[in-house]
Structure formats: C-alpha cells, structure tokens
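Taking it in order: structure first as structure tokens, then the write-up.
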C-alpha cells in the first residue's frame, strides 16, 4: 500500500468525523424509522453497508470505461439489483426480520448517502480508496444504527437485544430486560428525532471541545 | 472530470453487460428464494392457525380445507375472506376465519378467529393492524391479554345483546384509551359467530368437497 497516510485518514473519515448519519445527516429516513430495536437497526445497517461496499467498489472499477453522464444510471442499476437480491434473500432466510424491516430494505436503493458515495468517491478515486471509504461509510452507518437502536430500545421498551431469535433462530434469545417498562415515546417517530437530536448535540459538544483543545492553525 | 473518461461505445457495452449481470443476479436470487419464501409464509399461516385452536387440537394432524367466502356485513370485507375448515377423518373439528374488523381506529384490523363446531370461540388474534402504538396495539397478544377474553365465549354466552364493550353496557372489557379499537374487535368477533351460525352446514359441505378433491389429486 503506497498511499500516503492522509489518504488513509481521508478514506476512514466516514467512520466518525464524516459519519453518514451523525455528521452528514444523510440516510436519516431508514435510520429513524427502523431503529425501534437494536436487532432491527443492526440488520438494516448491515444490509446497507453490504450494498454500499459492493456498489461503490463496482462503480470505481468500472469508472474508466464509462462516460460521466452514464455513471448515475449505472450506479442505480447496480444498487437496484443488489437491493432486490438482498430483499429476496432476507425474505427467504430471515422471514420474521424481513417483516419488521418491511419496505426499508428495497428503499436502500434511494438512500441518499449511499448514492452520493457511489457517485462522488467512486467516480474520482482509486478502487482501493473507494473500497476503504465505502467500508468506513458502511461501518459508520452501522454504528449509527446500533447506537440509536440500543438507546431507543432501552428507553422505549426497557429491553436490549429483543428479537435476536429473528436473526439467529430460536433458542438464541439474549434479551436483557430492565426493571422498568419503558417510555413509549422513545420508540414512536417523535422519539426518534428526540434521541437523534440529543446525540447530535452531544457529538457537537465533543467535537467542539476537541477543536478548542487543539492549537489554532 | 478526471482523466480517462470512457468512450461512449464502451459505455454502452458496459451498460449492457451490467444489465445482463443484474438480470442474472436477480433471476438467480428469485429462483433460489421463491420456494423458501412460500414455505415461510405457509409456516406462518399454520402457526397462526394453531394459535386460535383449542390446545388439544394444536399438534393433531388435521386436514385443512381452505375456502373463500364473501360477506361484507358479517366478515367485514368486500373481498373474499379465507376460511380454514379443519377436519379429522371427515369430522369437522374447528373453523378459522381470516375475518376483518373494518372500523379500526386507523385502518381495518385483520383478525384470525377460531370457532369450535358448537359455535364457541377458541381463540382470536390480530394478525395485521395499524392501531395506535401504546394504546390500540394492546390487541396484540404480545402486548396484553385483552384479546384472550374472547376464548370460550359464544353467541349465547354472553347473550347476543351483551356482545359489546362495557362502555356500551356490554360484557367485554375495553382497552383503556382505545374504545374504538375495542368496539371494532368485539363487533367483528360477534359478526363472525353470526356468520358461522348461519352458514355452518354450507361451510362443512364445501370443505368436504375440497378435501375430497385434494384426496383424488394426491398420491
């Protein structure tokens, strides 16, 4: 790997600094809609991450062969095919979970953040850079799903990891139940915005403090 | 734009290749998943049927005949409604209606209602609904026991005029904060029992025909 370290840093920025959800505020619709439990959030996060890694890397590999104008339609074609496959496979293997995720698996195709990545990074950078960057974007997105899902499930239902049997089959229940029954609002749509807003405020505070600590450049 | 932008002709070629690959991928995934998804759906229906049967019938190998009947007034839908008649060597053991409560709070509520041959309710489950989270969704058995109060009820017990929620001077508890939802479900169960009372013999006769036809088709 003869990439300079700055390039590596740039490719991994979407993990935290340029996090799709917390920094760019993209892809919020599925994020806020599905994260009523940790398991559901995790599942859609993983599906989105897998789709973006494959789609962006493919686009980067094809970039030199196609004219710029054709890139968006081709990216859409790849995304649509991938998402359809993921949707069918989830319905076949994880039927109950598929019922919970509902429309949001097919809707990955119009996730603005993934599209933006497939269009910008994949249209300008090397295959390796795109792969690392897509992986970081995906992992950062999964991170957002996990944090939001866990917080909302804890506060809203008073449980954690409810529904693991939907992922790994019966007999794998790992649910932690807290001794309180939950504040319903956290799992309702407004609660999604409350929790997201608090997380953003916290993140802003952390980044500002870090910036204050640094010497002015 | 950066350095080497592809030639238009090359682009067309890539697009065609990609389209072919996408077609192949989707086709393969569909072939592979089609039967599995159908099996999953069948398993879900059977599991749901079991949930509204009397416990002693649940593990028995009953013949299930699927009928479709339409009755806007009593079954709540102008579309045909699935009715499963379960028989043991020709003797009817249970009937399960996929009835609809049309006047839910937000939308119609899809129910599964099990009825014994003598017209008592063996179980009711809400299989699909859009009731308010935290209020009307207490009709789900996972959220509360409310829907279990219909077990063993019949049109004579309580008497037909008491088939209403307590606010309407009936014999059934309402979910607090979800009167409309409760009323919708009580009425739907009552109407299904009425339908069963009026069409019992017809349903059994049709089920026998279906079962006989399946017998001759089978191995």
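Averaged over B:49-58, how many beta carbons belonging to a partner chain fall within 10 Å of each residue's beta carbon? Don't skip to the end; give the middle numbers.
Details: counts 0, 0, 0, 0, 0, 0, 0, 0, 0, 0.
Average neighbour count from other chains, rounded to a whole number: 0.
Each peptide in B:177-190, B:146-159, A:20-33 gets a packing score, the mean of other Cβ atoms within 10 Å over its residues, and the list from highest to lowest is B:177-190, A:20-33, B:146-159.
The mean sequence separation of alpha-carbon pairs under 8 Å and at least six residues apart, normalised by the residue count of chain A, gives a relative contact order of 31 percent. When only alpha carbons are used to place a centre, the stretch A:75-125 and the stretch B:78-137 end up 35 Å from one another. Taking Cα atoms only, the orientation of helix B:8-51 departs from the longest principal axis of chain B by about 20 degrees. Neighbouring Cβ atoms from other chains, within 10 Å of the Cβ of residues in A:119-125, number 1 on average.
Measuring between their Cα centroids, the stretch A:1-70 and the stretch B:172-205 lie 50 Å from each other.
Neighbouring Cβ atoms from other chains, within 10 Å of the Cβ of residues in B:9-15, number 5 on average.
The C-alpha atoms of chain B define a longest principal axis, and helix B:179-217 lies at about 80 degrees to it.
As I understand it, the value is the acute angle between the Cα axis of helix A:38-62 and the longest principal axis of the Cα atoms of chain A; what does it come to in degrees, rounded to 10? The angle comes out at about 10 degrees. Classify the stretch A:105-217 as rounded, prolate or oblate, taking a ≥ b ≥ c as the square roots of the eigenvalues of its Cα gyration tensor: rounded when a/c is under 1.5, otherwise prolate if a/b is larger than b/c and oblate if not. Oblate, because a/c is 1.5 or more while a/b does not exceed b/c.
Modelled spin labels at residue B:28 and residue B:214, positioned 7 Å past Cα toward Cβ, are 3.7 nm from each other. Averaging Cα coordinates gives a centre for the stretch A:164-203 and one for the stretch B:1-59; these two points are 29 Å apart.
Since every read-out is calculated from the coordinates, none of them should be taken as a lab result. Since we're looking at a predicted model, the values are computed, not measured. All Cβ positions, glycine included, derive from the backbone under ideal geometry; neighbour counts span all protein chains shown.
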